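There's a structure below that I have some questions on.
The values are calculated or read from the model by the stated rules, or taken from the named source; none is laboratory data. No experiment lies behind these values; they were computed from the predicted model shown. So basically every Cβ, Gly included, is an ideal-geometry build from the backbone, and we count neighbours across all protein chains shown. Remember, those area values only see protein heavy atoms, side chains included, never the ligands or the DNA or RNA. Shrake-Rupley method; radii C 1.70, N 1.55, O 1.52, S 1.80 Å.
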Amino acid sequence: MTYVKGVPEGEISIDDPLAADVRELLECHLTFAKSHTPPEDVHALEVTGLLDPAVTFFSFRLEGELLGVGALKELDEGHAELKSMHTAEVARGHGIGRAMLDHLVGVARERGFRRVSLETGSMAAFAPARSLYTSAGFRRCGPFGGYPPSRSSTFMTLSLIAPGPTTETVRTASGM
């Protein structure tokens with residue numbers, strides 16, 4: 001892999017969930033989710049779920065090699081959900097997950113969504129994912145989009161609406 005400032009030079013683009021290498025990485029994602037989560041609480045999408053017109057599926061490739069995937073699902077006109085975030089084991093720790101997360105949030109902003117949410121596991125195996133999302137500004141929230149409450153799930157959301165000036169900012173700017 002070629003790295004620049006700790007992040008590999010690669011390309012994130014819309015991809016086909018039915019491509020052989022994508023299906024293989026998605027199978028790793030599902031196996032991971034199923035091995036750490038009670039069956040009733042596995043919310044990872046199967047390949048057929050990623051074909052839904054409300055879902056845009058992306059891949060991260062370096063010199064043609066698939067190293068990461070992620071998807072953005074429209075829940076309604078103002079709310080999107082991150083789905084199927086997964087980095088190939090050989091590429092973990094090199095910024096690919098963060099690059100994909102930043103890309104998906106950027107796409108959500110461009111599409112005019114006001115909020116992006118996600119569901120991930122609450123078990124120790126999912127701690128790196130929760131840490132990544134927290135570092136990007138996601139905060140815990142309640143269930144959304146039809147998810148039932150569950151001790152196995154952590155729900156997180158990120159507002160894409162720029163906060164307005166605070167009273168203190170207005171006072172300072174006006175000289176009050």
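Keeping the other protein chains in place, figure out the carbon and sulfur percent of the accessible area of the chain, with a 1.4 Å probe. Please list the in-between numbers first.
Working: 5080 of 9550 Å².
The C+S portion of the solvent-accessible surface of the chain is 53 percent.
A follow-up question, please. When the Kirkwood hydrodynamic radius is evaluated over all pairs of different C-alpha atoms of the chain, what value in angstrom, to one decimal, is obtained? It would help to have the intermediate numbers written out before the result.
Numbers: mean 1/r = 0.0581 Å⁻¹.
So the Kirkwood estimate lands at 17.2 Å.
Once phi is turned into ³J(HN,Hα) by the Karplus curve 6.51 cos²θ - 1.76 cosθ + 1.60 with θ = phi - 60°, what whole-Hz value does each residue of the stretch 55-66 show in order, with x for glycine and proline?
10, 10, 9, 10, 10, 10, 10, 10, 6, x, 7, 6
Sticking with this one: Please report how far the C-alpha centroid of the stretch 88-119 lies from that of the stretch 121-141, rounded to the nearest whole angstrom.
13 Å
Can I ask one more? Could you pull the Cα extents of the stretch 1-89 along its three principal axes, largest to smallest, in whole Å?
Answer, in whole Å and largest first: 40, 34, 25 Å.
Which value, in Å², gives the accessible area per residue of the stretch 17-77 when a 1.4 Å probe is used on the protein heavy atoms? Show your work: numbers first, answer last.
On the way: 3080 Å² over 61 residues.
Ligands and nucleic acids excluded, the result is 50 Å² per residue.
Mind checking the full-extension length gain between SER131 and ARG61? Use 0.36 nm per residue of separation minus the Cα-Cα distance, one decimal, nm.
Working: separation 70, 0.36 × 70 = 25.20 nm, distance 2.35 nm.
Answer, rounded to one decimal: 22.9 nm.
Take each uninterrupted DSSP H stretch in the chain, measure its Cα extent along the helix axis, and return the ones at 18 Å or beyond whose mean Kyte-Doolittle hydropathy is at least -0.5. Can you show the working numbers first?
Values: long enough: 20-36 (25 Å, -0.14); 96-110 (21 Å, 0.40).
Qualifying helices: 20-36, 96-110.
Which order do the peptides 114-123, 9-18 come out in when sorted by mean C-beta neighbours inside 10 angstrom, highest first? If you can, show how the numbers build up before the last one.
Working: 114-123: 20.2, 9-18: 15.2.
My ranking of the peptides, most packed first, is 114-123, 9-18.
In addition: Show PHE155, PHE32 ordered by accessible area, largest first, where the area counts protein heavy atoms only and the probe is 1.4 Å. Display every interim value, and only then the final one.
On the way: PHE155 15, PHE32 65 Å².
Reading off the accessible areas and sorting them downward yields PHE32, PHE155.
Now for a different question. How much accessible surface does LEU66 have with a 1.4 Å probe, in Å² rounded to 10?
For LEU66, solvent-accessible area is about 20 Å².
Give me a comma-separated list of calculated 3J(HN,Hα) values for the stretch 114-119, in order, Karplus coefficients 6.51, -1.76, 1.60 applied at θ = phi - 60°, integers in Hz, x for any Gly or Pro.
Along the stretch 114-119, the couplings run 9, 8, 10, 10, 7, 10 Hz.
While we're here: As a test question: what accessible area, to the nearest 10 Å², does LEU25 have when a 1.4 Å probe is rolled over all protein chains in place?
20 Å²
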